[in-house]
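Accompanying notes for the structure given below.
The values are calculated or read from the model by the stated rules, or taken from the named source; none is laboratory data. Keep in mind that this is a model prediction, so the values were computed, not measured. Cβ sites come from the backbone with ideal geometry, for glycine too, and all protein chains shown count toward neighbours.
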Amino acid sequence: MELAIRRILLIHGVILAAGGIPLLYLGDELGTLNDYTYRDDPAHQRDSRWVHRPRADWDKYAKRNDLNCIEGRVYQGLQALIALRKGLEAFSGGDLEIIPTMNEHVLAFTRSHAGHRAVIFANFSEYPQTIPAHIFEQYAVYTKKQLHGISQGSSIEPLDLLVFG
């Protein structure tokens, strides 16, 4: 369950950091699972798009502020990522540069706008990953404030998004 929550937040973090208009759809903000009850409705049973159109479960929405449950961890995690995006000028523009990390599990890129820059590292592996220290140096990561995620030198935690700005 822990890895699933981390995956959800990682992919939404990348979407929010990469730019454009992110889409949270019908329960994504709570970690809602697919709903296969659409098969019980003759009008929808042959249209699998309904698996992603669940009925709102108001009991789950009521848990969105409780960090001791899945709904709360996903919702509050997304709130933190959205606040991070809104708070960094670098995310206001469209400039994105991919950083070669020399590690197939780590996606890295910069976002910049109006003289502001953020550096983002996303570890898609279930294990800690390292990238060469010279990459951190080349992108002046050591001179920036770490705004999100956990790192140990040039090691990035599993399914984590590091943001420096």
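Residue-by-condition table, conditions (1) out of contact with any Ser or Thr (no Cβ under 9 Å at 6 or more places or on another chain); (2) of a type in the set (F, W, Y); (3) closer than 21 Å to E2 by Cβ; (4) in the same structural domain as V14 (by TED's automatic domain parsing):
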position	(1), (2), (3), (4)
K63	yes, no, yes, yes
N103	no, no, no, no
T110	yes, no, no, no
H113	no, no, no, no
T143	yes, no, no, no
Q146	yes, no, no, no
S154	no, no, no, no
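Read through the list (1) in contact (Cβ under 8 Å) with a residue 24 or more places away in the chain; (2) closer than 23 Å to F164 by Cα, then give the number of the only condition that A83 fails.
Failing condition for A83: (1).
Of A56, A80, which residue is out of contact with any Lys or Arg (no Cβ under 8 Å at 6 or more places or on another chain), of a type in the set (A, V, I, L, M) and closer than 18 Å to H12 by Cα?
A80
Residue-wise test of (1) within 17 Å of the chain's Cα centre (by Cα); (2) of a type in the set (A, V, I, L, M); (3) modelled with pLDDT of 95 or more; (4) not assigned by TED's automatic domain parsing to the domain that holds R117.
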site: G13; (1), (2), (3), (4): yes, no, yes, yes
site: I21; (1), (2), (3), (4): yes, yes, no, yes
site: D28; (1), (2), (3), (4): yes, no, no, yes
site: T32; (1), (2), (3), (4): yes, no, no, yes
site: Y38; (1), (2), (3), (4): no, no, no, yes
site: V51; (1), (2), (3), (4): no, yes, no, yes
site: A56; (1), (2), (3), (4): no, yes, no, yes
site: D66; (1), (2), (3), (4): no, no, yes, yes
site: G72; (1), (2), (3), (4): yes, no, yes, yes
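Taking the options F136, F121, name whichever one is assigned to a strand (DSSP E or B) and either in contact with a His (Cβ under 9 Å, 6 or more places away or on another chain) or of a type outside the set (G, A, S) (or both).
Step by step, each of F136, F121 is checked, and only F121 is assigned to a strand (DSSP E or B) and either in contact with a His (Cβ under 9 Å, 6 or more places away or on another chain) or of a type outside the set (G, A, S) (or both).
May I ask you to say which residue of I98, I70 is among the hydrophobic types (A, V, I, L, M, F, W, C) and in contact with a Phe, Trp or Tyr (Cβ under 6 Å, 6 or more places away or on another chain)?
I98
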